[in-house]
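Here is the structure we will look at.
The values are calculated or read from the model by the stated rules, or taken from the named source; none is laboratory data. Just so you know, these numbers come straight off a predicted model, no measurement behind them. Counting neighbours? That spans all protein chains shown, and the Cβs are built from the backbone with ideal geometry, glycine included. Surface areas here come from the heavy atoms of the whole protein model, side chains and all, with no ligands, DNA or RNA. Shrake-Rupley method; radii C 1.70, N 1.55, O 1.52, S 1.80 Å.
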Amino acid sequence: MRIKQVKSEKERFMDLLYLGDEDENMISKYLKKSNMFLCYEGNELVGQITVLRLANKIYEIKNLSIYESYQGKGYGSKLVKFIFEHYKNKASVIILGTGECDKTISFYKNLGFTYFMRKKNFFIDNYDHEMYEEGKKLIDMLYFKRVI
Ligand SMILES: CC(C)(COP(=O)(O)OP(=O)(O)OC[C@H]1O[C@@H](n2cnc3c(N)ncnc32)[C@H](O)[C@@H]1OP(=O)(O)O)[C@@H](O)C(=O)NCCC(=O)NCCS
């Protein structure tokens, strides 16, 4: 597995970005300002992680996605661990927001993230259509943090 940063035309990878965030408007709000890292297995693109600097020493994972055929094989965990290593001198904390999806939450908890905040009605107020994960309508955004 190899990880490389993309510095230009990140929207080329919109299909992957959509897997992590269904809304093009939301993606366009952070994509330009964010750092994007792609993960390859041989020559095959497997997934991406996109990270935004929010404030001094605080970075947010804005989007993480692995192509379906590669999910559940450890690539997502490796990308998050890569971010811990890559930002260890620049960041003191990494945060992220997710809907109330048990699988995703347990994925991040396993990587040492802990819950700290809820933005009520985030998905209702910020998306122009209803969204479902594991058959459950997304309403609030839950925030998790990991000190690095
Ligand atoms: C969530 C996601 C990034 C995890 O990456 P991954 O490479 O599949 O995960 P890993 O193989 O490193 O870890 C697997 C763990 O993640 C959890 N997980 C969460 N979503 C999963 C999915 N769709 N498929 C498989 N495992 C998933 C499992 O509980 C699993 O835990 P276990 O090892 O105890 O069984 C990836 O599945 C994905 O891209 N999903 C679609 C996009 C998405 O939901 N993004 C949310 C973050 S913005």
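Can you compute the modelled spin-label distance between Lys33 and Met117, with each label point 7 Å from Cα toward Cβ, in nm? For the pair Lys33/Met117, the computed spacing is 1.4 nm. Loop-located trypsin sites (Lys or Arg not before Pro) in region 81-148 (DSSP state other than H, G, I, E, B) with a sparse environment of at most 16 neighbouring Cβ atoms within 10 Å: Lys88, Lys90, Lys120.
So if a site counts as exposed when it's one of the chymotrypsin sites (Phe, Trp or Tyr not before Pro), its DSSP state isn't H, G, I, E or B, and it has at most 16 other Cβ atoms within 10 Å, what's the longest stretch of the chain without one? Mind dumping the intermediate values first?
Details: sites that count: Tyr67, Tyr127.
Longest gap between qualifying sites, sites excluded: 1-66.
With the simple model of a label 7 Å out from the Cα in the direction of the Cβ, Asp125 to Tyr67 spans 3.8 nm.
Please give the per residue accessible area of the chain, computed with a probe of 1.4 Å over protein heavy atoms only, in Å².
Per-residue value: 57 Å².
Split the accessible area of the chain by element, probe 1.4 Å, and carbon with sulfur accounts for 47%. Normalising the average separation of contacting C-alpha pairs (under 8 angstrom, six or more residues apart) by the number of residues puts the relative contact order of the chain at 19 percent. The trypsin sites (Lys or Arg not before Pro) of region 1-78 meeting both criteria, a DSSP state outside H, G, I, E and B (loop) and at most 11 other C-beta atoms within 10 angstrom of the site's C-beta, are Lys7, Lys32, Lys33.
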